[in-house]
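Participant: Take a look at the following structure, please.
The values are calculated or read from the model by the stated rules, or taken from the named source; none is laboratory data. Please read all numbers here as calculations on a predicted model, not as lab measurements. We place every Cβ from the backbone using ideal geometry, glycine too, and count neighbours over all the protein chains shown. Heads up: the accessible areas ignore ligands, DNA and RNA and are worked out on the full protein's heavy atoms, side chains in. Shrake-Rupley method; radii C 1.70, N 1.55, O 1.52, S 1.80 Å.
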Amino acid sequence: MADSLQDRGHWGSKIAFILAASGSAIGLGSIWRFPIMVGRNGGAVFVMAYILAVVFIGFTVMLAELAMGRHTSKNPVGAYETIKPKTPWKIVGYAGVVTGIVILSYYAVVAGWAFGYLYKTIAGVFRGRVTWETAETAFSRFAADPLEVVICLLVIMGITTFIISRGVQSGIERWSKILMPLLFVLIIFLAVRALTLPGAGPGLAFYLKPDFGKLDVKVLFFALGQAFYSLSLGMGIMITYGSYIGKRENLVSSAGWVCFSTTLIAFLAGIIIFPTLFATPGLNPENFQPGTGLMFQVFPMIISQVPGGYLFGVMFFILLLVAALTSTISLLEVPTAFLIDEKSWSRKKAAFVIGGAAFLLGLPSALSHGGLPFPTRLRFMDRMDLVFGNILLAVGAFLVCVFVVYAWGIPKALAEIASGNPRFPLKKLWVFNIRILAPLAILLLLVFLRVITG
Ligand code: TRP
């Protein structure tokens with residue numbers, strides 16, 4: 001027990017926490033998944049719905065999770081159990097741990113693609129002008145090569161496991177501090193280039209000019225799911241991260257910063273992708289259905305159009321990889337913290353067992369893009385993402401709201417939030433959101449989605 005107490009870390013400072021929490025949030029969810037969701041769900045209306053979902057629901061749930069974590073200094077299971085001992089509530093914590101392992105399993109596949117693209121870029125595969133056709137062929141060939149994708153997955157899971165097995169401080173903090181700002185600069189630069197492309201207009205209109213005829217329950221549901229996914233909510237990550245925050249830190253502004261920076265990166269990713277994509281002759285925003293590889297097809301196109309494209313490309317994929325790794329790290333940290341706290345495992349053993357399990361679970365996802373016929377026919381990865389990345393995160397976030405309102409109690413939650421932040425100007429809004437708006441919106445969308453899709 002003493003051993004496991006020592007194994008828990010603490011954030012060095014508030015900024016270290018914000019950087020690490022943004023490190024968890026910012027990643028492939030914003031750069032890879034967000035543009036796909038925009039492309040599949042009506043363009044600009046989705047963007048608007050997503051931003052509203054982040055501001056009113058994501059922020060609310062994030063603050064709740066951080067408060068639960070800091071109050072209890074526990075992993076999700078321990079947090080529910082500490083606040084409401086001997087009740088079924090801890091099952092929600094367990095569900096979060098499981099959801100995290102599943103999301104990690106396929107998230108690491110996409111991170112593996114980023115790794116693959118890094119060495120391809122270094123090898124000069126994308127030298128010269130990259131067109132939509134060449135980019136598409138390159139991606140589908142790569143994703144369908146069973147050996148290559150599995151090795152890439154193994155590399156990602158190996159690095160993640162190694163970092164987590166070494167502990168919170170040395171692992172997460174150091175990386176996010178230096179490299180996240182650099183990624184931001186690079187993305188701004190690419191966004192400017194994309195905006196000045198000849199033919200940027202149609203893509204920009206698709207991305208920013210809402211066509212309200214396209215708004216429906218499906219759009220709202222996926223926007224909400226994307227908000228949870230990109231902010232790392234609904235499975236206990238922010239509970240776990242909250243448990244490492246000191247009592248004197250301001251939870252509200254921390255949560256605000258994480259929401260803001262994540263949304264900004266996602267927004268910029270769209271600014272890069274859509275103008276570049278729809279400047280391609282023959283691609284029409286009205287009937288284009290983006291595949292899972294969207295960003296891996298479009299980024300090489302725009303990178304090939306900036307001066308010094310080779311170096312730029314190498315740098316971009318290195319930073320994308322780091323952004324992805326700070327997220328895989330957070331996904332592995334939850335189950336690891338659980339085994340350390342609740343089962344008194346050593347950090348090393350916990351990290352290796354869970355990392356290994358997630359690798360095995362990731363195999364069918366890795367092979368579902370042409371690598372093997374059966375998982376491909378099942379569309380294994382897409383299904384995992386729908387069930388775990390959308391539905392279960394929404395359910396998890398819903399239960400966080402219910403728990404805070406009815407089991408923990410708003411006054412106690414507010415007292416925790418007030419520590420380090422005695423004036424909380426948004427207090428009334430937050431209480432309304434967590435009591436009514438967030439749970440109601442999630443519930444309605446889950447119910448209506450079931451009705452519509454049967
Ligand atoms: N938010 C991360 C991203 O956008 C992915 C992620 C990390 C995540 N932890 C999570 C998603 C927990 C859902 C739940 O890249």
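Participant: Among the residues of the range 305-335, write down those that are within 13 Å of the ligand (Cβ to nearest atom) and either more than 26 Å from L118 (Cα to Cα) or not aliphatic (A, V, I, L, M) (or both).
Facilitator: T326, S327, T328, S330, E333, V334, P335
Participant: Just to be sure I understand, how many residues within the range 223-238 are open to solvent by less than 10 Å² (accessible area, probe 1.4 Å), part of a helix (DSSP H, G or I) and within 11 Å of the ligand (Cβ to nearest atom)?
Facilitator: 7
Participant: With in a helix (DSSP H, G or I), of a type outside the set (F, W, Y) and surrounded by 18 or more Cβ atoms within 10 Å (Cβ to Cβ) as the only criterion, which of T137, T160 stands out?
Facilitator: Result of the check over T137, T160: T160.
Participant: Return yes or no: is A111 within 15 Å of the ligand (Cβ to nearest atom), in contact (Cβ under 8 Å) with a residue 40 or more places away in the chain, part of a helix (DSSP H, G or I) and surrounded by fewer than 24 Cβ atoms within 10 Å (Cβ to Cβ)?
Facilitator: No: the conditions fail for A111.
Participant: In addition: Looking for whichever is within 16 Å of the ligand (Cβ to nearest atom), part of a helix (DSSP H, G or I) and either in contact with a Phe, Trp or Tyr (Cβ under 9 Å, 6 or more places away or on another chain) or of a type in the set (A, V, I, L, M) (or both) here; the options are G39, G78, G93. Which one fits?
Facilitator: Numbers: G39 fails: within 16 Å of the ligand (Cβ to nearest atom); G78 fails: within 16 Å of the ligand (Cβ to nearest atom).
When all the criteria are applied, what remains is G93.
Participant: Mind checking which residues of the range 336-355 are part of a loop (DSSP other than H, G, I, E, B) and within 14 Å of the ligand (Cβ to nearest atom)? Working first, answer last.
Facilitator: Of the range 336-355, the ones part of a loop (DSSP other than H, G, I, E, B) are 344-346.
The answer is none; no residue qualifies.
Participant: Would you call F424 open to solvent by less than 60 Å² (accessible area, probe 1.4 Å) and not in a helix (DSSP H, G or I)?
Facilitator: yes
Participant: Next question. Restricted to the range 372-416, and to residues that are touching a Lys or Arg at 6+ places or on another chain (Cβ under 8 Å) and under 19 Å from R248 (Cα atoms), which residue is surrounded by the most Cβ atoms within 10 Å (Cβ to Cβ)?
Facilitator: E416
Participant: Still on this structure, I have one more. State which residue pairs qualify: first residue of a type in the set (D, E, K, R) and inside the range 375-402, second residue surrounded by fewer than 16 Cβ atoms within 10 Å (Cβ to Cβ) and not in a helix (DSSP H, G or I) in any location, beta carbons under 8 Å apart, and separation of 6 or more residues or different chains.
Facilitator: Qualifying pairs under 8 Å: none.
Participant: Only one residue in L204, L220, L277, L197 is open to solvent by 10 Å² or more (accessible area, probe 1.4 Å), out of contact with any His (no Cβ under 6 Å at 6 or more places or on another chain) and either in a loop (DSSP other than H, G, I, E, B) or within 29 Å of G116 (Cβ to Cβ) (or both). Which one?
Facilitator: L197
Participant: Scan the range 295-335 for residues that are more than 14 Å from L182 (Cβ to Cβ), small (G, A, S) and within 20 Å of the chain's Cα centre (by Cα) and report the count.
Facilitator: Going through the range 295-335 one residue at a time, the tally reaches 3.
Participant: If you go through the range 400-421 one residue at a time, do you hit one that is within 30 Å of F448 (Cα to Cα), within 16 Å of the ligand (Cβ to nearest atom), under 26 Å from the mean Cα position of the chain (by Cα) and hydrophobic (A, V, I, L, M, F, W, C)?
Facilitator: yes
Participant: Let me ask something else. Between a residue in the range 321-332 that is aromatic (F, W, Y) and any residue that is open to solvent by 10 Å² or more (accessible area, probe 1.4 Å) and more than 9 Å from the ligand (Cβ to nearest atom), which pairs come within a Cβ distance under 6 Å, given they are 6 or more apart or on different chains?
Facilitator: Partner pairs satisfying both residue conditions: none exist.
Participant: Looking at the range 251-272 only, could you name the residues that are surrounded by fewer than 17 Cβ atoms within 10 Å (Cβ to Cβ) and among the polar types (S, T, N, Q)?
Facilitator: S253
Participant: Inspect all residues belonging to the range 114-131 and state whether any of them is hydroxyl-bearing (S, T, Y), open to solvent by 50 Å² or more (accessible area, probe 1.4 Å), out of contact with any Asp or Glu (no Cβ under 9 Å at 6 or more places or on another chain) and part of a helix (DSSP H, G or I).
Facilitator: Initially, the range 114-131 is screened for residues hydroxyl-bearing (S, T, Y), giving 117, 119, 121, 131.
Cutting the leftovers down to open to solvent by 50 Å² or more (accessible area, probe 1.4 Å) gives us 119, 131.
If we keep only those that are out of contact with any Asp or Glu (no Cβ under 9 Å at 6 or more places or on another chain) too, we end up with 119, 131.
The next check asks that each one be part of a helix (DSSP H, G or I); those that pass are 119.
For the range 114-131, residues hydroxyl-bearing (S, T, Y), open to solvent by 50 Å² or more (accessible area, probe 1.4 Å), out of contact with any Asp or Glu (no Cβ under 9 Å at 6 or more places or on another chain) and part of a helix (DSSP H, G or I): present.
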